[in-house]
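The values are calculated or read from the model by the stated rules, or taken from the named source; none is laboratory data. Note that the structure is predicted; figures quoted are calculated from it, not measured. No Cβ is skipped: glycine too gets one built from the backbone with ideal geometry, and neighbour counts run over all protein chains shown. With ligands, DNA and RNA removed, areas are computed over all heavy atoms of the protein, side chains included. Shrake-Rupley method; radii C 1.70, N 1.55, O 1.52, S 1.80 Å.
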Amino acid sequence: MNHKVFEKYRIKRKLSKKELAEKVGRTPSWYSKLISGQVHLRSKLIIPMAEALGISPKKLTTEYFSEPELEDTSSNDGKIA
C-alpha cells in the first residue's frame, strides 16, 4: 500500500494534517498513523477521504493500493558493474 498518496494530495490542497483528519471525522493522531502505515484506510473512509483530497475515489484507491515508487539509490549512475 502506498501511504504517501495522502500526503501528496493533502499538500496540493494546502490542508494541514489536522484539517484533513477532521474532514474525515478522525484525529490528527489517526492521520499520523495512517501515513506511517500503522493503520490502513477503512473502506467506509474512501469516499470522505477522496472528497477531502479533491480526487475521485477510484483515483485514491488506485494509487493507495499500488506499490510505492522506489528511489534509485545506486551510486553507479545506472551503469551495470
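Taking region 11-35 as the range and being open to solvent by 70 Å² or more (accessible area, probe 1.4 Å), part of a helix (DSSP H, G or I) and within 21 Å of residue 65 (Cβ to Cβ) as the test, the residues that pass are 11, 12, 33. Find all pairs meeting these conditions: Cβ atoms under 8 angstrom apart; at least six residues apart or on different chains; first residue within region 1-25 and over 19 Å from residue 37 (Cα atoms); second residue in a helix (DSSP H, G or I) and open to solvent by 30 Å² or more (accessible area, probe 1.4 Å). Partner pairs satisfying both residue conditions: 15/23; 23/48; 23/51.
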